[in-house]
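Written out below as structure tokens is the structure these notes cover.
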Amino acid sequence: MLVKDILAVDVGATKLAAARVTSAGVIKKRASTPTQSSNGEELFEKLLSLSEEVLEGIEVEGCGVGSAGPMTNNGEEISPLNIPQWRSFPLRAKLSEALGLPVALDNDAKAIALGEGWVGAASGQKNYLAMVVSTGIGGGFVIDGKLLGGEMGNAGHIGHINVEPDGPLCACGSSGCLEAVASGGAIEKETGMPAAEASEEVKIRCGYFVGKAVSIAVNLLNIRIVLIGGSVALGYGSIFLNQVRSTAASFCGLDFTKNIQIDFTSLKDEAPLIGAAAVWLNAKGLDQC
């Protein structure tokens, strides 16, 4: 029996992306475009055009979306902090109507957690954290084999753990959040240059704050495996990762946190789209973790 592909959509603050993904987690065709637009409807039309481009008229099973948050239950409305064009925007319903497809939507970092559990480094694991360090910072927690959702589906916002008391103001309205000191947006604001051009000192500082947030998460939830992706994390490479590991270790003195494993996501830059496909599978009731 021929199994249909899945339309995968990734909504980020820097770019929008779409792809056809097979039931085995392989990307067939993908396309992307910058997120910039003058208003919410224009941005939606860009996303719709991307989706139609990768579909090429081919029938798919359904659509999975990984989007920056926060959002309401089941992604009925999304309000990404770094995409001001969309506030209480009904993306799931609008995309479903426009494409004539059933659509499942979840937080982008939670999507990556699902993807890593499906065909990535967390395959077969029941307890882990997947993080995204990019324009913003987010996380997805899998505990006892289940993706944590929370009351409104927003569990995992590790970017809003306070890591620097009296630190800079965050877009969420608080101060000293991880996202306000270690995200690509925060680094660009502080240095006046693109995050990709950061100095070694900035990369190490970013790793320090991420490691501090990781330690809080693993101490709280007894997690042994942490996977980190996103353009900033992957772009900063070993300097960043080694600092995350050393900082986390310095804050993890309990027996059950001493041997945590911290690595980059194995799916690399494909993680958001494979994760979005996993959102669709997870919504169907398939255990992808």
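Each reported figure results from applying straightforward, stated rules to the coordinates on display, with no laboratory input. Since the model is a prediction, treat every value here as computed from it, not as a measurement. Please note: Cβ atoms are built from the backbone with ideal geometry, for glycine as well, and neighbour counts cover all protein chains shown.
Label sites at LYS94 and LYS29, each approximated as a point 7 angstrom past Cα along Cα to Cβ, lie 2.5 nm apart. With 17 Å as the cut-off, how large is the P(r) tail for the stretch 61-166, expressed as percent of Cα-Cα pairs? I get 55 percent for the Cα pairs in the stretch 61-166 exceeding 17 Å.
Taking the longest Cα principal axis of the chain as reference, the axis of helix 40-55 is set at about 70 degrees.
Residues whose amide H falls under 5 Å from that of SER67, counting only those 5 or more places apart or on a different chain, are VAL11, ASP106, ASN107, ASP108, with hydrogens built in the peptide plane. For the chain, the relative contact order comes to 21 percent (Cα pairs under 8 Å, sequence separation of at least 6).
Go through 108-117, 89-98, 121-130 and give me the packing order, highest mean Cβ count within 10 Å leading. Please list the in-between numbers first.
Numbers: 108-117: 31.7, 89-98: 17.8, 121-130: 19.8.
Ranking the peptides 108-117, 89-98, 121-130 by packing returns 108-117, 121-130, 89-98.
From the Cα gyration tensor of the stretch 207-268, with a ≥ b ≥ c the square roots of its eigenvalues, which class applies: rounded if a/c is under 1.5, or else prolate if a/b is larger than b/c, or else oblate?
Working: a/c = 2.25, a/b = 1.66, b/c = 1.36.
In terms of gyration-tensor shape, prolate.
Bridgeable lysines around LYS29 (alpha carbons under 28 Å apart, same-chain partners fewer than 8 residues away excluded): LYS4, LYS15, LYS46, LYS94, LYS110, LYS268, LYS284. Calculated from the alpha-carbon coordinates, the chain shows an Rg and a Dmax of 17.9, 59 Å respectively.
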